[in-house]
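Below you'll find the structure I mean.
The values are calculated or read from the model by the stated rules, or taken from the named source; none is laboratory data. These figures come from a predicted structure and were not determined experimentally. Positions of Cβ are backbone-derived with ideal geometry, glycine not excepted, and every protein chain shown enters the neighbour counts.
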Amino acid sequence: MYSIAIHGGAGTLTRNQMSSEKEEAYLNTLKEAIDAGSKLLKDGKTALDAVEMAVCVLEDSPLFNAGKGSVFTHHGKHEMDASIMEGSQLLAGAVAGVNSVKNPISMARKVMQQTEHVLLSGEGAMQFAHEQKLEMRSEEYFYDELRYKQWQQALKSGSMQLDHTPLNEKKFGTVGAVALDLHANLAAATSTGGMTNKRFGRVGDTPIIGSGTYANNKTCAISCTGSGEFFLRAVVAYDVSCLMEYKNLSLQEACDLVIHERLLSIGGDGGLIGVDAMGNICMSFNTEGMYRAASNSQGLESLAIYKY
């Protein structure tokens, strides 16, 4: 059996805030990503291959705050974070504060497979990217008028913004994928452009193993999206795994406890996707919506944005 789920961010997503054209565009991209990952799993490829491919599709779309659609920093640049993990040996790779890299998730996988490290950041990470001959893009590639206008709005207000949509529509655009492959291995991947108008090299939960991303064949694979500082403090992704391993909670029970109780109790909002060792899928969030999709070998096909 194989299973895969993806997300493209959680937040205040209601039908009256979305045009039918924009909604269709989001759903089409989610379908493209879930189909790409599902095909690899069906063909016997690894969960790692599937989550990387699915996230690459989302990174290549300007609709999501990752890769091409990354938001602007305080200085008008793009600083991207990503991480990937596999559940059989608990191997992981991550990057933080990188720029110009077309697909940061592929860079994270290179860190996992080509170095003895887990997390690379800043200038050193970029040196590694060039040595690995990763695909690069110019600043123009990452420019998006919507992101630019929101950055200008954030500059005027002097605040950082978690969303990458106009006005006060609160949305977190981090993308991610989790999968179980035919070899019974789990994997998770997460990628983001961070916060609009972020300063001082701010890093959220996305590249931090255990907070934004986690995979363990004993329990589950998890990818998170939301207010990163809270996910860091709550160690959300690992917390779900711990509840399953040490308290024998089901995937759904563990995800709901963490997202609807533990995270909310400290003021955090957002969501996560998970898949367990038996192929069960969970997509839990405490916001009005979360861009999400799921598929498995049993015929499940799900595309959704809103809570209801």
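Grab the helices (runs of 4 or more DSSP H) fully contained in the range 1-116, keeping just those with 3 or more residues being more than 14 Å from the chain's Cα centre (by Cα) and at pLDDT below 95.
Values: elements: 20-42, 47-59, 104-114.
In the range 1-116, 20-42 are the helices (runs of 4 or more DSSP H) which contain 3 or more residues that are more than 14 Å from the chain's Cα centre (by Cα) and at pLDDT below 95.
Can you tell me which residue is farthest from M278 (Cα to Cα) among those in the range 204-238 that are buried (at least 24 other Cβ atoms within 10 Å of the Cβ) and among the aromatic types (F, W, Y)?
The selected residue is F231.
Output the number of the condition that Q89 fails; it satisfies all remaining conditions of (1) surrounded by fewer than 17 Cβ atoms within 10 Å (Cβ to Cβ); (2) touching a residue at least 12 places away in the same chain (Cβ under 8 Å).
(2)
Checking F200 against (1) among the hydrophobic types (A, V, I, L, M, F, W, C); (2) crowded, with 22+ Cβ neighbours inside 10 Å; (3) assigned to a loop (DSSP other than H, G, I, E, B), which single condition isn't satisfied?
If we test F200 against (1) among the hydrophobic types (A, V, I, L, M, F, W, C); (2) crowded, with 22+ Cβ neighbours inside 10 Å; (3) assigned to a loop (DSSP other than H, G, I, E, B), just (2) comes out false.
Any idea which of (1) surrounded by 24 or more Cβ atoms within 10 Å (Cβ to Cβ); (2) in contact with a helix residue (DSSP H, G or I) (Cβ under 7 Å, 6 or more places away or on another chain); (3) closer than 18 Å to I281 by Cβ; (4) of a type outside the set (A, V, I, L, M) is the one S191 doesn't satisfy?
Going through the list (1) surrounded by 24 or more Cβ atoms within 10 Å (Cβ to Cβ); (2) in contact with a helix residue (DSSP H, G or I) (Cβ under 7 Å, 6 or more places away or on another chain); (3) closer than 18 Å to I281 by Cβ; (4) of a type outside the set (A, V, I, L, M), S191 breaks only (3).
While we're on this one: Kindly evaluate D269 against the criterion of being touching a residue at least 40 places away in the same chain (Cβ under 8 Å), in contact with a Leu (Cβ under 8 Å, 6 or more places away or on another chain), buried (at least 24 other Cβ atoms within 10 Å of the Cβ) and more than 26 Å from F142 (Cα to Cα).
When the stated conditions are applied, D269 does not pass them.
Mind counting the residues in the range 117-143 that are crowded, with 17+ Cβ neighbours inside 10 Å and part of a helix (DSSP H, G or I)?
Within the range 117-143, the first condition is being crowded, with 17+ Cβ neighbours inside 10 Å, and the residues that meet it are 118-121, 125-126, 128-129, 134, 142.
Next, from what is left, pick out any that are part of a helix (DSSP H, G or I): 125-126, 128-129, 142.
Of the residues in that region, 5 qualify.
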